[in-house]
Structures are given as structure tokens and as C-alpha cells.
Amino acid sequence: MKRLFALVLSSSMLFVISQSAVALESIIESVAQGCEKELQSYCAKVTPGEGRVLACLYAHEDKLTGRCEYALYDAAAQLERAVATLTYLANECDDDLDKHCAKVAIGEGRLARCLLDNKANLDKRCASAIDKTQLRAE
């Protein structure tokens, strides 16, 4: 279980920086529903943000229900897939990011928007990666 929490904590930072807020909200909502009992019982007074709620759940990991454990496992799996997708895109589009998006600020989907706006000028590897991953800017 400790490895699961470590994965969720480390992956969530990358995810927050680079993925859409809508997808992140969906994952958060899934964990909130799956861990509703635990959040109310053990973490109600925790101020959300900076991983404090996950740290609270980690502190009470011996008391988590199977439903909550599954919600955390599922969230970690979704975050892991998102990180793998972003890594693939970054590797395939590295040159194009430097060429077309070097001055674009990171975050809030701006790099994705830059790549999509320049899709006609991207090399084939990058354009293919965008198609395969169904990259969207939100």
C-alpha cells in the first residue's frame, strides 16, 4: 500500500502540471466517492492541497476499506497512464516543442495548444504521436 501512495503522490504532481483540470477533477471525484467514509472519519479537518489529504489517508492506511483502496489504486493507474502518455508525447515532440513552443509558458494546456496550432508544421513522429494519444488542449 505504501508504494501505491508514493505513486499517487509523485504522479499527481506531473499530472497536475500537464493534464487538463477536467480529467484531474474526475480522478479526485472518484477517490472522494470511494473514500467518502474515510475522508469524513479521519480527514475532515485536513485542508486540501499539496497532498495533505492523501497524506491523511496514508496515515490511516490500516483502516481503509476495500472500496477506498480500490479508488486509490484506480487513481494511481489513471495517473500512471497519463504520465506514460505525456512522456511519449514529450519524447516524440521534443524537437517541435523547442522549435515552435519554446516561448510558451508551461501549464493549463498551453503546450498542447501550441502543438495543435502548429500541427501542419510538425515532423511526422510528433504528428503521429498527437494522433495516437488523441491530444487535446482544454
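Peptides 61-67, 30-36, 129-135 ranked from most to least packed, by the mean per-residue count of other Cβ atoms within 10 Å: 30-36, 129-135, 61-67. Against the empirical curve 2.2 N^0.38 Å, the C-alpha radius of gyration of segment 93-138 lands at a ratio of 1.02. Inter-label distance, A120 to A44: 5.9 nm, where each label sits 7 Å from its Cα along the C-beta direction. Once the C-beta distance of E36 and R81 is scaled by a Förster radius of 30 Å, the resulting FRET efficiency is 0.80 to the nearest 0.05.
For a straight C-alpha distance cut-off of 24 angstrom, the lysines reachable from K99 (same-chain residues fewer than eight places away being disregarded) are K119, K124, K132.
Order these peptides, 101-111, 82-92, by their mean beta-carbon neighbour count within 10 angstrom, highest first.
Values: 101-111: 12.8, 82-92: 16.1.
Packing proxy ranking, top to bottom: 82-92, 101-111.
Arrange the peptides 118-125, 51-58 so that the one whose residues have, on average, the most other Cβ atoms within 10 Å appears first.
Numbers: 118-125: 12.9, 51-58: 17.2.
Top of the packing list down: 51-58, 118-125.
Model label points for E108 and A55, set 7 angstrom from Cα along the Cα-to-Cβ axis, are 2.7 nm apart.
Read-outs: derived from the displayed coordinates by stated rules, not from any lab. The structure presented is a predicted model; accordingly, all values stated were derived computationally and were not measured. Don't worry about glycine lacking a Cβ; one is built from the backbone with ideal geometry, like all the others, and counts go over all protein chains shown.
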